[in-house]
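Each remark here refers to the structure printed beneath this line.
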Amino acid sequence: MAIMIKTPQEIEKMRRSGRVLRQVHDAIKPLVVAGATTLDLEIKANEVIASFGAKAAFKGYHGFPAALCTSLNDQVVHGMPSERTVLKDGDILSIDCGVIVDGFYSDAAVTYAIGTPTPQTKRLLAVTQASLEAAIQEAVVGGRLFDISATVQEICEAEGFGVVKEFVGHGIGKAMHEDPQVPNFGTRGKGPRLKAGMVLAIEPMINAGSAEVKVLKDGWTAVTVDGSYSAHFEHTVAITKDGPVVLTR
Ligand code: MG
Ligand code: MG
């Protein structure tokens with residue numbers, strides 16, 4: 001499938017979608033504390049999404065049951081909210097959410113530390129987030145797709161972290177997953193030429209230890225094979241002639 005080019009009007013609609021999603025994340029953030037359950041966060045997310053007349057993009061997607069993916073500690077992505085998952089000091093929690101507003105999707109993720117993280121955990125979160133920010137700067141007209149990928153890989157591997165290969169970023173628009181795939185690894189100077197009107201979900205998924213992941217028996221939750229913590233940060237980013245525009249900021 002060809003990479004869809006969005007008109008400025010479509011990007012404006014995606015910006016509105018991204019603004020709603022930002023407010024979902026902002027509303028959840030104060031609830032990410034020791035003693036809360038991931039179901040508490042899910043309930044809040046649904047309230048906020050409904051208050052905007054928006055739709056939760058993940059719910060029902062290939063049968064996924066929730067608006068949020070809540071991935072705890074060694075869970076990489078696609079963890080499911082549960083009243084049995086109680087947050088405690090020293091945990092990290094990745095929260096991924098997507099919404100649909102006026103037919104357009106947005107997708108963003110963040111990883112929070114609960115209480116006091118170890119120095120290693122702190123570094124994992126800081127480096128993963130920094131790799132996303134650096135990768136966004138590569139989302140420019142005339143660049144190459146894998147400049148984005150290589151940027152994440154270089155920054156995270158230089159810190160000794162494992163770059164997850166099985167899950168990748170993606171184009172986004174009228175569907176949650178459009179072409180192209182946006183891997184977090186690759187060769188600088190390769191891949192499709194980046195053009196104005198492309199919109200990408202850029203999302204480093206980075207393990208404190210080995211890059212290896214496996215999916216649990218629930219068919220969804222991906223975890224690190226070595227039990228190390230994993231971080232996930234994501235933004236929906238439009239490539240424009242004026243540079244990258246983060247629609248989910
Ligand atoms: Mg996401
Ligand atoms: Mg995504």
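Just a few scattered comments:
- Qualifying residue in region 77-86 (condition: within 16 Å of ligand 1 (Cβ to nearest atom), assigned to a strand (DSSP E or B) and not aromatic (Phe, Trp, Tyr)): yes
- Among the residues of region 216-240, the one identified as among the polar types (S, T, N, Q) and touching a Pro at 6+ places or on another chain (Cβ under 9 Å) is Thr240.
- The residues of region 177-211 that are among the acidic types (Asp, Glu) and either surrounded by 16 or more Cβ atoms within 10 Å (Cβ to Cβ) or within 16 Å of ligand 1 (Cβ to nearest atom) (or both), listed by number, are Glu178, Glu203.
- Of the candidates Phe52, Phe58, the single residue that is closer than 17 Å to Thr236 by Cα and either at pLDDT 95 or above or away from ligand 1 (no atom under 14 Å from the Cβ) (or both) is Phe58.
- Residues considered: Leu72, Leu68. Of these, the only one that is surrounded by 23 or more Cβ atoms within 10 Å (Cβ to Cβ) and at pLDDT 95 or above is Leu68.
- All strands (runs of 3 or more DSSP E) inside region 132-249 with 1 or more residues being free of Cβ contacts under 8 Å to residues at least 12 places away in the same chain: 213-215
The values are calculated or read from the model by the stated rules, or taken from the named source; none is laboratory data. The model shown is predicted, which means the values in this text are computed figures rather than measured ones. Ideal geometry is used to build each Cβ from the backbone, glycine not excepted, and the neighbour counts take in all protein chains shown.
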